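Encoded as structure tokens, the structure appears first; notes follow it.
The values are calculated or read from the model by the stated rules, or taken from the named source; none is laboratory data. Note that this is a predicted model, so its numbers are computed, not measured. Glycine gets a Cβ as well: all are built from the backbone with ideal geometry, and neighbour counts include every protein chain shown. Surface accessibility is based on the protein's heavy atoms, side chains included, excluding ligands, DNA and RNA. Shrake-Rupley method; radii C 1.70, N 1.55, O 1.52, S 1.80 Å.
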Amino acid sequence: MYEVLIKEYLKRLNPKEITEFASKNGMPLVPGEEKVIYDFIMNNWKQVYKGDAYQAFNKIKPMISSNTYNNIIMLYNEFKDKIK
């Protein structure tokens, strides 16, 4: 059920929404990171959702600033805990 919802949401996701979400959550991005994050989401969402999320996040770690990476992990943990 959730996979269908995620797939439908991802069809409409764009890098601008990632920038807006990051800003709204107090984590401004370095220019260009929104595209890296977008590509990561589009290619790795299933692993984050069903597999080893931290292994997936390690793929993006060298491509973004350490501040952005730490914020992604923090937000992931925060939202993951809300779903449980």
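Some values worked out for this structure:
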read-out	value
Solvent-accessible area, 1.4 Å probe, carbon plus sulfur percent, for the chain	58
Tilt relative to the chain, helix 66-83 - C-alpha long axis, 0 to 90 degrees, to 10	30
Between 0 and 90°, nearest 10: helix 2-12 axis offset from the chain longest Cα axis	40
Cα-projected label distance for residue 61 with residue 47, points at 7 Å along beta-carbon direction, nm	1.3
Whole-number accessible area per residue in Å² for the stretch 1-81, which is evaluated in the context of all protein chains at 1.4 Å	67
Shape box of the chain [Cα atoms, principal axes, largest first, Å]	34, 25, 22
Net charge dipole size for the chain [Lys, Arg +1 and Asp, Glu -1 on Cβ; Debye, nearest 20]	180
Label-point gap, in nm, between residue 73 and residue 7 - each point 7 angstrom along Cα→Cβ	3.2
The chain, helix-only ellipticity at 222 nm - DSSP H runs n ≥ 4, -39,500 (n - 2.57), divided by all residues, nearest 500	-24500 deg cm²/dmol
Average Cα contact separation per residue, the chain, under 8 Å, 6 or more apart, as relative contact order %	23
